[in-house]
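Asker: Sharing a structure with you now.
The values are calculated or read from the model by the stated rules, or taken from the named source; none is laboratory data. Keep in mind that what you see is a predicted model, and the values were worked out from it rather than measured. Cβ sites come from the backbone with ideal geometry, for glycine too, and all protein chains shown count toward neighbours. Note: accessible area is taken over every heavy atom of the protein model, side chains too, but ligands, DNA and RNA are not part of it. Shrake-Rupley method; radii C 1.70, N 1.55, O 1.52, S 1.80 Å.
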Amino acid sequence: MNTATLQKHLNSLGYLCGPADGLPGPRTKDATRRFQASWNLGPYLAVDGIAGPKTRTALTAAVASGGKISAHFRASEFRCKCCGKYTGCAGVVVERADLIGLEKLRDNAYPKGLKIVSGYRCGGHNRAVGGAKSSRHLVGDAFDIPAVVPTESDKIPARFKGRGRAKNGRVRHLDSRPNPARWNY
């Protein structure tokens, strides 16, 4: 796979790396790292920014499957809603461990499917929507979801220590911050 094809595939999935101009700049390596870190179908990929054979195979499979990066989630579900409008937007940022947690949550509490309402947000988009200055969405480990499960439910994987509660008492925001936090919207 040449650099132009690599960039085309990464961009098509939402891992923004600039135009497919054939130049292997740092944005392409960063986008490759972000893809490698999120891939959750099959063996772990080395997160090194190098599109080796395993990464190329995984990338080709993701494109062929319509963007699937785990059993039930597509990369596009985690993409910043600005779609690259703001300078520095990375497009998709999500870690494999968070995808594993979201898959468990889906299995435990969302048998008809779990839709990610909002995932990663770049700084420009976060400001535009009035997000907190230190929002976990900025680092890609926060997920707004339909408010179905009680905030303290044992159906929520322990990985998600940050939990925002909707008015109905159900969780509508999860994040994998290091220390527990609870709040109401």
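Asker: Residues that are under 12 Å from the mean Cα position of the chain (by Cα) and either modelled with pLDDT of 95 or more or more than 24 Å from Lys161 (Cβ to Cβ) (or both): list the helices (runs of 4 or more DSSP H) wholly contained in region 50-150 that include at least 1 such residues. So that I can check it myself, show each step before the final result.
Answerer: Numbers: elements: 53-64, 96-109, 123-128.
Per the criteria, 96-109.
Asker: Restricting to region 143-170, and then to whatever is out of contact with any Gly (no Cβ under 7 Å at 6 or more places or on another chain) and among the hydrophobic types (A, V, I, L, M, F, W, C), can you tell me which residue is surrounded by the fewest Cβ atoms within 10 Å (Cβ to Cβ)?
Answerer: Ala158
Asker: Under 9 Å between Cβ atoms, which residue pairs at least 6 apart in sequence (or on different chains) link something in region 109-138 that is on the phi > 0 side of the Ramachandran plot with a partner that is open to solvent by 70 Å² or more (accessible area, probe 1.4 Å)?
Answerer: Sorted first by the residue in region 109-138, then by its partner, the pairs are Gly113/His72.
Asker: If the requirement is being small (Gly, Ala, Ser), in contact (Cβ under 8 Å) with a residue 12 or more places away in the chain and over 25 Å from Cys82 (Cβ atoms), which of these qualifies: Gly169, Gly162?
Answerer: Gly169
Asker: Here's another thing I want to ask about it. Look through Gly123, Gly164, Gly130, Gly101 and report the one residue that is closer than 25 Å to Ala90 by Cβ and in contact with a helix residue (DSSP H, G or I) (Cβ under 7 Å, 6 or more places away or on another chain). Give the steps one after another, and end with the answer.
Answerer: Working: Gly164 fails: in contact with a helix residue (DSSP H, G or I) (Cβ under 7 Å, 6 or more places away or on another chain); Gly130 fails: in contact with a helix residue (DSSP H, G or I) (Cβ under 7 Å, 6 or more places away or on another chain); Gly101 fails: in contact with a helix residue (DSSP H, G or I) (Cβ under 7 Å, 6 or more places away or on another chain).
Answer to the selection: Gly123.
Asker: Further, regarding this structure: Here is a list of conditions, (1) surrounded by fewer than 18 Cβ atoms within 10 Å (Cβ to Cβ); (2) closer than 25 Å to Leu45 by Cα, and Ser70 meets all of them except one; can you say which number that is?
Answerer: For Ser70, the failing item is (1).
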